[in-house]
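Taking it in order: structure first as structure tokens, then the write-up.
The values are calculated or read from the model by the stated rules, or taken from the named source; none is laboratory data. If you're wondering where the values come from, they're calculated on a predicted model, not measured in any experiment. Here the Cβ positions follow ideal geometry from the backbone for every residue, glycine too, while neighbour counts run over all protein chains shown.
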Amino acid sequence: MNTESLQKLYTEMLLVRRFDELCLSLKTRDQIYSGYHPYEGQEAVAVGFCGLLNKQDILLSTHRPHGHAVAKGVPVESVLTEMMGRQTGCSGGLGGGMQYLDIEHNFYCGSIVGSNLPIATGFGMAIKQQKLDRVCMCMFGDGASNTGAFHEALNLAAIWKLPILFVCENNQYAEAMPAREFVSCERISMRARGYGLEEITVDGNDVEATRRVATDLLARIRKGEGPFLVEALTYRLRGHYVGDPEATYRTREEVDAWRAKDPLLRTRTTLLNDGVDASGLEALDQNIKAKLTALEAWALEQPFPTLEQSIDHVTIPLTQQGGCACL
Amino acid sequence: MSVITYGEAIRQAYREEMLRDKNVCLMGEDVGRWGSLYRSSKGLLEEFGPEQVKDTPISEAAIAGCAVGCAALGMRPIAEIMYIDFITIAMDVMVNHAAKWPQLSNGKLKLPIVFKTQGGAGRRNSSQHSQSLENWFVNVPGLIVVMPATPYDVKGLLKSAIRDDNPVVFIEHKALYFEKGEVPDEEYLIPLGKAEVKRAGTDVTIIATSWMVLFALKAAAQLQQEGISCEVVDPRTLWPLDKQTLVQSVKKTGLCLVVTEAPEEGGWSGEASSVIHEHCFSTLKKPVKRHCSIRTGIPYGPVLERQIVPGDESIMKAVRELVKGV
């Protein structure tokens with residue numbers, strides 16, 4: 001990958017990282033109400049995979065969605081204010097940090113682990129049947145690979161040859177449960193064989209690798225060779241949620257060892273070795289931080305949704321006249 | 001008018017809607033090759049092809065999930081769950097996604113899905129193939145719940161459900177597929193959320209759902225000979241509930257029996273009863289009475305099954321108790 005392209009990916013990862021830091025800060029100030037699921041350490045997965053999608057491509061995300069959303073290009077304003085429960089959020093502030101939709105940007109996420117895989121088959125089926133120039137990407141974690149929904153979806157997608165890229169973002173822990181103990185095989189990607197699919201694993205902390213694999217697989221899916229399942233090996237540098245009892249399931253040494261493999265650190269080192277000026281990278285960072293500071297100030301001024309908004313769209317008025325003679 | 005079975009009425013509804021709109025598709029276990037368990041989609045795979053009629057693996061979560069995804073891209077899927085007992089596997093998609101996404105999209109996303117299934121006893125299938133689980137869905141904001149009892153109703157309501165932009169849980173009854181009834185030869189629709197008075201009467205209102213409507217009508221015919229005039233009201237749609245039609249009837253008769261196949265505890269029968277108490281309190285001669293299945297797993301043998309589930313004899317007994325106090 002040339003230096004210019006890599007620097008672009010680095011910038012995108014920086015945005016995801018600084019956005020996550022802003023959310024952490026807002027969480028400590030009670031401006032994010034629900035449990036917050038930090039994304040630090042996994043940016044090369046979001047940027048490498050989700051960042052490659054076009055606006056019309058479908059992205060199904062998880063309960064840890066903001067990195068994916070920002071990388072896909074869902075406006076940071078609407079992601080941030082959704083997490084803060086404000087009207088300007090992409091779900092009008094009704095969903096919060098782990099369940100929201102942006103129809104215009106084709107982004108969907110939800111907080112039931114494994115639930116998005118079956119839904120991906122429907123997007124894939126509609127894309128294939130309507131011959132649309134779109135693909136569907138479905139993100140999930142190591143924990144989701146243990147659900148029944150995972151199996152049903154992979155089998156259906158495989159027998160119907162659907163244009164879906166299933167990306168397993170293995171961050172090593174399903175809440176407090178280590179994948180090394182709770183996943184029956186050495187690699188989750190090995191499970192692809194059971195569906196007649198290729199076994200593909202990528203270093204999820206290497207953005208050049210994730211982008212290379214994503215480019216290859218999406219091109220093949222667009223040619224009709226889908227679906228694919230890829231496992232991206234990464235690490236969740238923070239707790240499952242802010243303040244989780246980390247000492248119950250992992251050591252400080254383990255986290256530190258992965259911190260040395262931080263995807264931003266690695267990419268920064270490569271860029272510096274390629275002759276990029278450190279002050280230039282610092283300026284990029286300052287620019288992102290300044291934008292996010294302004295965004296935060298704006299977000300804190302946004303109104304909360306009303307009671308009417310929270311009930312308006314639960315049921316669409318029935319299509320046929322004469323029904324629903326409610327008293 | 002033609003006299004056709006409930007199953008044939010369903011088949012005609014599918015066919016008419018698939019011809020009208022190629023985005024309408026049916027997916028589920030054995031809907032294609034078999035034409036569904038009770039042949040209600042017989043011949044449709046041959047006529048419409050696999051893009052509109054899709055056999056699926058035994059994967060209820062994937063069937064329901066597939067429906068949500070393709071509906072989000074403009075298709076109008078009918079996702080068939082072969083027995084309502086299997087719907088437990090599809091519940092996550094239905095309750096956590098189909099019912100929530102339209103709200104989370106601020107009305108920008110429509111999910112015109114029919115989750116079609118069949119429930120109830122009557123075919124000696126025991127406790128994992130005979131349940132009446134409609135109450136679960138009435139309890140979920142964002143879902144419409146329909147339970148048609150006759151060939152005329154099932155056809156008109158299914159066509160409306162397919163055309164409606166909300167996720168609809170459409171619950172047929174396995175004991176009804178071979179029941180016959182008159183259906184117009186020309187096209188018609190029945191609005192969702194509209195009850196029907198199936199038999200007019202003056203002494204007592206029987207509110208009954210699905211299979212129980214047939215027993216209520218039988219009981220009403222018998223009771224007429226005893227001098228008790230029963231009005232039988234079928235809500236047809238459990239939610240949204242046509243309270244007006246129910247209330248009007250009870251205001252006229254002053255007595256009300258609610259009959260459901262689902263056990264009464266925590267169920268829709270309690271909702272109906274409460275609506276009547278709230279709106280007819282001053283005209284009620286006695287409290288609303290409920291007659292529902294005994295709270296147990298449906299037993300296998302035909303004798304016990306009949307004892308657990310209400311029938312015409314037991315409905316007659318309940319009405320006599322209500323009217324005469326005996």
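Some observations on this one:
- In the range B:152-167, the residues that are under 11 Å from the mean Cα position of the chain (by Cα) and either within 14 Å of chain A (Cβ to nearest Cβ) or within 23 Å of B:Gly74 (Cα to Cα) (or both): B:Asp153, B:Leu157, B:Leu158
- B:Glu46 meets the conditions (1) more than 8 Å from chain A (Cβ to nearest Cβ); (2) in contact (Cβ under 8 Å) with a residue 24 or more places away in the chain; (3) among the charged types (D, E, K, R) in every case but one. The failed one is (2).
- Qualifying residue in the range B:170-178 (condition: over 30 Å from A:Cys90 (Cβ atoms), among the charged types (D, E, K, R) and modelled with pLDDT of 95 or more): yes
- Of all residues in the range B:174-190, those being without any contact (Cβ under 8 Å) to a residue 60 or more places away in the chain and either part of a helix (DSSP H, G or I) or farther than 20 Å from B:Ile162 by Cβ (or both) number 1.
- One residue from B:Arg306, B:Arg320 being modelled with pLDDT under 95 and not polar (S, T, N, Q): B:Arg306
- Considering the range A:8-110, the qualifying helices (runs of 4 or more DSSP H), each wholly inside and each with 1 or more residues that are within 26 Å of A:Pro163 (Cβ to Cβ), in contact (Cβ under 8 Å) with a residue 60 or more places away in the chain and more than 14 Å from every other protein chain (Cβ to nearest Cβ), run over A:43-49, A:66-72.
- Residue within the range B:133-148 that is modelled with pLDDT of 95 or more, over 25 Å from A:Tyr108 (Cα atoms), within 14 Å of chain A (Cβ to nearest Cβ) and assigned to a strand (DSSP E or B) present: yes
- Filtered residues of the range B:220-250 (kept if of a type in the set (Ser, Thr, Tyr) and not in a loop (DSSP other than H, G, I, E, B)): B:Thr237, B:Thr245, B:Ser249
- If you go through the range B:90-112 and keep only what is surrounded by 20 or more Cβ atoms within 10 Å (Cβ to Cβ) and either of a type in the set (A, V, I, L, M, F, W, C) or not assigned by TED's automatic domain parsing to the domain that holds B:Glu134 (or both), you end up with B:Ala90, B:Val93, B:Met94, B:Ala98, B:Ala99, B:Trp101, B:Leu104, B:Leu111.
- For the condition free of Cβ contacts under 8 Å to residues at least 12 places away in the same chain and either buried (at least 21 other Cβ atoms within 10 Å of the Cβ) or within 21 Å of the chain's Cα centre (by Cα) (or both), B:Ala67 does not qualify.
- Sub-8 Å Cβ pairs linking a first residue in the range A:160-183 that is under 17 Å from A:Asp57 (Cβ atoms) and modelled with pLDDT of 95 or more to a second residue that is among the β-branched types (Val, Ile, Thr) and in a strand (DSSP E or B), at least 6 apart or interchain, are A:Leu165/A:Val230; A:Phe166/A:Val230; A:Val167/A:Val230, ordered by first then second residue.
- Residue in the range B:95-113 that is within 20 Å of the chain's Cα centre (by Cα), β-branched (Val, Ile, Thr), more than 11 Å from every other protein chain (Cβ to nearest Cβ) and within 22 Å of B:Leu158 (Cβ to Cβ) present: no
- Among the residues of the range A:230-240, at least one is under 22 Å from the mean Cα position of the chain (by Cα), surrounded by 12 or more Cβ atoms within 10 Å (Cβ to Cβ) and among the acidic types (Asp, Glu).
- The residues of the range B:191-219 that are in a loop (DSSP other than H, G, I, E, B), more than 14 Å from chain A (Cβ to nearest Cβ) and either buried (at least 23 other Cβ atoms within 10 Å of the Cβ) or not acidic (Asp, Glu) (or both), listed by number, are B:Ala200, B:Gly201, B:Thr202, B:Thr209, B:Ser210.
- Selection within the range A:131-187: residues that are assigned to a loop (DSSP other than H, G, I, E, B) and charged (D, E, K, R). The member of this set that is surrounded by the most Cβ atoms within 10 Å (Cβ to Cβ) is A:Asp142.
- In the set (1) surrounded by fewer than 24 Cβ atoms within 10 Å (Cβ to Cβ); (2) facing another protein chain (nearest Cβ under 9 Å); (3) within 24 Å of A:Asn205 (Cβ to Cβ), the condition left unmet by A:Asn116 is number (1).
- Only residues that are surrounded by 11 or more Cβ atoms within 10 Å (Cβ to Cβ), of a type in the set (Gly, Ala, Ser) and at pLDDT below 95 were counted in the range A:241-278, giving 1.
- Conditions (1) β-branched (Val, Ile, Thr); (2) part of a loop (DSSP other than H, G, I, E, B); (3) within 14 Å of chain A (Cβ to nearest Cβ); number of the one not met by B:Thr283: (3)
- Boolean, A:Glu198 is surrounded by 24 or more Cβ atoms within 10 Å (Cβ to Cβ) and not in a helix (DSSP H, G or I): no
- Residues in the range B:266-318 that are hydroxyl-bearing (Ser, Thr, Tyr), surrounded by fewer than 13 Cβ atoms within 10 Å (Cβ to Cβ) and within 30 Å of B:Gln244 (Cβ to Cβ): B:Ser274, B:Ser282.
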